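The values are calculated or read from the model by the stated rules, or taken from the named source; none is laboratory data. What you see is a predicted model, and the numbers here were worked out from it, not measured in a lab. Note: ideal-geometry Cβ built from the backbone for every residue, glycine included; neighbour counts use all protein chains shown. Keep in mind that these areas ignore ligands, DNA and RNA; they rest on the heavy atoms of the full protein, side chains included. Shrake-Rupley method; radii C 1.70, N 1.55, O 1.52, S 1.80 Å.
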Amino acid sequence: MRSSALRVLITCRELARRGGTQLYTRDLAEVLRGMGHSPVVFSPRLGEVGEELRGRGVAVIDSLDRLGEPPDVIHGQHHLEAMTAMLRFPTVPALFVCHGWLPWEEAPPRFPSLLFYVAVDSLRRDRLVLEHGVSESRVAVIPNFVDLDRFRPRPPLPPRPRRAVLLSNQAAAHTFLPVVERVCAEAGMELSVAGFAAGRPVARPEELLASADLVFARGRTALEAMAVGAAVILCDVEGCGPLVDSGNFAALRDLNFGMGALTPPVDPERLRVEIARYDPEETARVRDRVRREAGRTEAVARLVDLYRELVDAAPGLAGEEYAAECLEAASRYVDWIGPRLEAVAARLAAAGAGLAAAEARLEDTAAALNALERSPFSRLRKRRLGLRPLVAAWRALKGVKGLLL
């Protein structure tokens with residue numbers, strides 16, 4: 001079994017937009033296929049990233065009914081989608097990867113076939129172990145990785161940063177974008193902004209990052225910017241962190257360059273201090289370290305080793321006692337998820353009520369404007385406005401007449 005190819009079912013909540021887990025899924029599937037395995041990505045909501053995967057020869061499905069053969073192993077991501085796959089294939093061993101600290105979608109499922117858990121940093125490991133009672137012996141930390149072929153080194157940095165990039169799906173006028181814009185303007189840097197909230201999603205971030213001397217980003221995007229050779233200041237809607245250097249790199253990577261490394265709010269004075277630490281030589285050392293340690297091939301190879309260990313344990317997932325255990329776990333799962341679905345339904349109902357109230361106010365306003373439009377006052381005002389050009393022309397003629405006299 002150690003040398004054979006594996007059929008790996010990868011779950012993902014959606015493949016419509018370019019978020020962190022979506023691009024992680026894309027890179028994972030591409031590397032698995034390049035290693036000779038057969039990845040299949042299951043997501044009930046397909047889109048741009050799904051099409052990109054299919055264009056690269058990776059099977060993508062939006063229903064498990066379309067899966068011709070059961071997988072050898074399930075690589076679970078996102079709670080509902082992972083549980084959907086495990087309930088469909090209860091005798092297939094599975095692992096679950098936790099990518100987030102706050103979202104309930106990242107809460108780890110519990111099921112007899114789920115034998116191992118992976119966290120992308122120490123904060124997510126703490127969520128698995130401290131909040132959800134997963135045994136520490138069943139958790140491994142495998143940090144995020146970079147496609148080093150896609151994110152190639154840029155030319156050497158200038159002595160002072162001239163071009164900055166803010167790459168975040170949360171950057172907008174109503175969040176933290178104005179602060180970054182003001183600080184960059186003060187520093188004499190041209191700023192480019194990309195991301196969904198700004199209305200500028202980017203399909204090829206490697207090209208945008210290659211044009212930047214300084215990048216404001218977090219998480220996976222920050223790591224990609226480091227691989228290119230740009231200086232990186234950790235910054236996003238949760239707050240701001242330090243400029244990454246060789247001294248703080250290890251500690252920040254252990255936090256996935258993400259939420260645990262950011263202090264709210266995005267503070268202009270903090271950003272000014274970190275911009276002043278810009279150092280091309282130090283940035284080059286960070287780039288070289290990322291390119292040595294954070295390649296995607298090595299990370300996926302570690303995952304494949306875990307897959308094989310799970311497959312070796314698969315014969316134990318059988319028998320009447322095991323089937324009863326699965327039914328009991330499914331019952332507990334329904335009991336667990338019920339209140340959460342009710343809470344989501346309540347929020348949707350509240351949002352619907354708020355939308356209906358706003359629509360009613362708009363209708364009232366439109367009716368009031370229509371009534372005002374038909375009123376005698378409005379008709380008189382229109383006649384006066386219509387006479388204004390004639391009055392202006394008469395005054396102009398009087399002025400000319402006065403000059404002639």
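Anything in region 142-166 that is assigned to a strand (DSSP E or B) and at pLDDT below 95? List them, or say none.
Correct list: V146 only.
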Only one of these conditions is not met by E186: (1) touching a residue at least 40 places away in the same chain (Cβ under 8 Å); (2) open to solvent by less than 50 Å² (accessible area, probe 1.4 Å). Which number is it?
(2)
Can you find a residue that is closer than 25 Å to R162 by Cβ, of a type outside the set (G, A, S), free of Cβ contacts under 8 Å to residues at least 60 places away in the same chain and in contact with a strand residue (DSSP E or B) (Cβ under 9 Å, 6 or more places away or on another chain) anywhere in region 289-302?
no
Tell me which of these A194 doesn't satisfy, since it passes every other one: (1) modelled with pLDDT of 95 or more; (2) part of a strand (DSSP E or B).
(1)
Cβ pairs under 8 Å, 6+ apart, first in region 309-321 and more than 13 Å from L95 (Cα to Cα), second open to solvent by 60 Å² or more (accessible area, probe 1.4 Å) and not in a helix (DSSP H, G or I)
D312/M1; L317/T91; A318/T91
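Here's the yes/no breakdown for (1) in contact with a Gly (Cβ under 8 Å, 6 or more places away or on another chain); (2) in a strand (DSSP E or B):
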{"residue": "L46", "(1), (2)": "no, no"}
{"residue": "G50", "(1), (2)": "no, no"}
{"residue": "V60", "(1), (2)": "yes, yes"}
{"residue": "P70", "(1), (2)": "no, no"}
{"residue": "H75", "(1), (2)": "no, yes"}
{"residue": "L80", "(1), (2)": "no, no"}
{"residue": "A85", "(1), (2)": "yes, no"}
{"residue": "V92", "(1), (2)": "no, no"}
{"residue": "W101", "(1), (2)": "yes, no"}
Qualifying residue in region 58-71 (condition: among the polar types (S, T, N, Q) and surrounded by 22 or more Cβ atoms within 10 Å (Cβ to Cβ)):
no
Matching residues, region 1-35, being small (G, A, S) and either at pLDDT 95 or above or open to solvent by less than 10 Å² (accessible area, probe 1.4 Å) (or both)
G19, A29
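Every residue, every condition in (1) in contact (Cβ under 8 Å) with a residue 40 or more places away in the chain; (2) of a type outside the set (A, V, I, L, M, F, W, C), yes or no:
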{"site": "E269", "(1), (2)": "no, yes"}
{"site": "A330", "(1), (2)": "yes, no"}
{"site": "A351", "(1), (2)": "no, no"}
{"site": "N370", "(1), (2)": "no, yes"}
Exclusive hit being within 22 Å of the chain's Cα centre (by Cα) and open to solvent by 10 Å² or more (accessible area, probe 1.4 Å), set A222, A197, A276, A230:
A197
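Of the residues that sit in region 337-354 and are open to solvent by less than 70 Å² (accessible area, probe 1.4 Å) and under 18 Å from E105 (Cβ atoms), which one is nearest to the chain's Cα centre (by Cα)?
V344
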Exclusive hit being aromatic (F, W, Y) and closer than 22 Å to V183 by Cβ, set Y333, Y278, Y307:
Y278
Out of region 167-180, which residues are surrounded by fewer than 21 Cβ atoms within 10 Å (Cβ to Cβ) and either in a helix (DSSP H, G or I) or not aliphatic (A, V, I, L, M) (or both)?
N169, Q170, H174, T175, P178, V179
Lone unmet requirement of (1) open to solvent by 10 Å² or more (accessible area, probe 1.4 Å); (2) among the polar types (S, T, N, Q); (3) over 22 Å from the mean Cα position of the chain (by Cα) for N144:
(3)
Mind checking which residues of region 307-322 are assigned to a helix (DSSP H, G or I), open to solvent by 50 Å² or more (accessible area, probe 1.4 Å) and not charged (D, E, K, R)?
P315, G316
Per the filter on region 122-141, residues more than 24 Å from the chain's Cα centre (by Cα), of a type outside the set (V, I, T) and either under 19 Å from Q77 (Cβ atoms) or part of a loop (DSSP other than H, G, I, E, B) (or both) are G133, S135, R138
Mind checking which pairs have a first residue in region 233-255 that is closer than 15 Å to E274 by Cα and a second that is of a type in the set (S, T, Y), Cβ under 6 Å, 6 or more apart or different chains?
D236/S168; G239/T263
Test G55 against the stated conditions and say whether it is out of contact with any His (no Cβ under 6 Å at 6 or more places or on another chain) and over 27 Å from C326 (Cβ atoms).
yes
Could you please find all residues in region 290-305 being surrounded by 19 or more Cβ atoms within 10 Å (Cβ to Cβ) and in a helix (DSSP H, G or I)?
V290, R296, A299, V300, L303
